[in-house]
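Note sheet for the following structure.
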Amino acid sequence: MPRIAVAGAGPAGIMAALAAHEKGAHAVIYDAAVPLATILRTGGGRCNLTNAGAEDANLALHYPRGGRFLLSAFSRFGPTETMEWFRFRGLPLVEEEEGKVFPRSGKAQDVRNMLQEQARTACVKMSAHQPITSIAPTPKGFQVTTERGEALFDRVIIATGGDWRNPRGSGYDLAMSLGHTVTPLAPALTGFASAESWPARLAGVSIPQARLQAHPTGMRALRETGGLVFTHRGISGPVVFRISSRCAFLPFSSRAPLHLWLSVLEERDKQAIEGRLIAALRERPRQQILSVLCGLMPRRLAQTTLDLAGVATATSASGITRVQRKALVDLMDRLPLTIVDRDKGDEMVTAGGVDLAEVDPRSMESRIVPGVFFCGELLDVDGFTGGFNLQAAWSTGRIAGLAAAD
């Protein structure tokens, strides 16, 4: 029976330990904090377990970094297998918009409780507030050291998660001490802070299907569609997170800003937007232009659009000039935003991590030190919102656990 040490009691580490147990191995998990605490913060406290809207190659497209690396793991343990795994162990699931999968109860705590119960049933020992401080290969296996002592294990799985703020964190240090490369780290899935002050007046206003465009220096043009919400500092929401993930390593500031263009209407070209506005103006010629625009967008955004276009609120629909109409259409098609910073505190995942070239995607085993395995966010893998990051954790964790138990 192989003895396996698991560094990190997050989703990937727990899944790895449970998978190893299925094959008869004995796993001990060490964590720097409280096991599975990160689960409680996912999906707005509801735990977006996975995404049922894509499989294999299409699923990989939802990862700005590491999608191709994950293909092997997804082919063996993708969203379908993940949902079956949780359901078989008594957790009812529900699929919502855009393929997002949640526990039917809507409580992340239920996911945590189920995983903890699975660990207890499997006799997987979890040591809280006891991080692994060093891993040393020996002729007989690996000497694992914590603040409370040393123990010998046959194999080691490192699943400590990612933290761009601490590039010398325990997981990164452990990987580097074993000869691995850790790529540059950066925050992903962040909100944006804008130079313009007007978004603050719209704080809390949400757009279900906004379109964002960006033309970052040295990168191809970015175009994304999805939910957006205005904040006191700028913008946030899924569509913003996708753009921010693609620009994770792009430096920008007030001196070298990132320029975005926002469209809040579903129409995808300027001509269609103009046609919709003209139709609305003709339908209600005697109404004030503010009332007309409120039929196309939220009231506060309509007021802001008029202010930016220099059109008086009390102007009647029939009194709008061609020049004013053009100004409104231009703003509804491409409302400019000057992004000068990432919105601190919004960071959900870390871009960068253990270099994927040094890890076998079929087993998650180190190509440098046989018997060492990596999984989860510690790897140079990150996905968009919608359950994709947890899916990467489940997939890589399970593959690592099964391989380590062989």
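The values are calculated or read from the model by the stated rules, or taken from the named source; none is laboratory data. Given the structure is predicted, the values throughout are model-derived calculations rather than measurements. Backbone-built Cβ (ideal geometry, glycine too); neighbour counts: all protein chains shown.
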Of all residues in segment 366-387, which are surrounded by 24 or more Cβ atoms within 10 Å (Cβ to Cβ) and either free of Cβ contacts under 8 Å to residues at least 60 places away in the same chain or assigned to a helix (DSSP H, G or I) (or both)?
GLY376, GLU377, LEU378
Would you check if there is a residue in segment 115-126 being modelled with pLDDT under 95, part of a strand (DSSP E or B) and of a type in the set (A, V, I, L, M, F, W, C)?
yes
Return only the number of the condition from (1) of a type outside the set (D, E, K, R); (2) in the same structural domain as ARG299 (by TED's automatic domain parsing); (3) farther than 30 Å from PHE252 by Cα that GLY218 does not satisfy.
(3)
Conditions: (1) touching a residue at least 40 places away in the same chain (Cβ under 8 Å); (2) farther than 20 Å from GLY227 by Cα. THR304 meets all but one. Number of the miss?
(2)
Identify the single condition in (1) surrounded by 18 or more Cβ atoms within 10 Å (Cβ to Cβ); (2) in a loop (DSSP other than H, G, I, E, B); (3) of a type in the set (Ser, Thr, Tyr) that SER363 does not satisfy, given that it satisfies every other one.
(1)
Hits in segment 38-71 - residues which are closer than 17 Å to ALA12 by Cβ and surrounded by fewer than 18 Cβ atoms within 10 Å (Cβ to Cβ)
LEU40, ARG41
Counting only residues that are in contact (Cβ under 8 Å) with a residue 60 or more places away in the chain and not in a helix (DSSP H, G or I), which one in segment 72-103 is surrounded by the fewest Cβ atoms within 10 Å (Cβ to Cβ)?
LYS100
Answer with yes or no whether PRO208 is closer than 30 Å to ILE235 by Cβ, touching a Leu at 6+ places or on another chain (Cβ under 9 Å), at pLDDT 95 or above and assigned by TED's automatic domain parsing to the domain that holds PRO251.
no
Given the conditions (1) surrounded by fewer than 17 Cβ atoms within 10 Å (Cβ to Cβ); (2) in contact with a strand residue (DSSP E or B) (Cβ under 7 Å, 6 or more places away or on another chain), report the number of the one that ARG165 does not fulfil.
(2)
Keeping to segment 1-39, report how many residues are assigned to a strand (DSSP E or B) and under 16 Å from THR133 (Cβ atoms).
6
Yes/no for ARG342 being in contact with a Phe, Trp or Tyr (Cβ under 7 Å, 6 or more places away or on another chain), buried (at least 24 other Cβ atoms within 10 Å of the Cβ), closer than 22 Å to HIS62 by Cα and charged (D, E, K, R)
no
With THR231, THR160, THR225, THR190 as the choices, which residue is among the polar types (S, T, N, Q), crowded, with 19+ Cβ neighbours inside 10 Å and touching a Lys or Arg at 6+ places or on another chain (Cβ under 9 Å)?
THR190
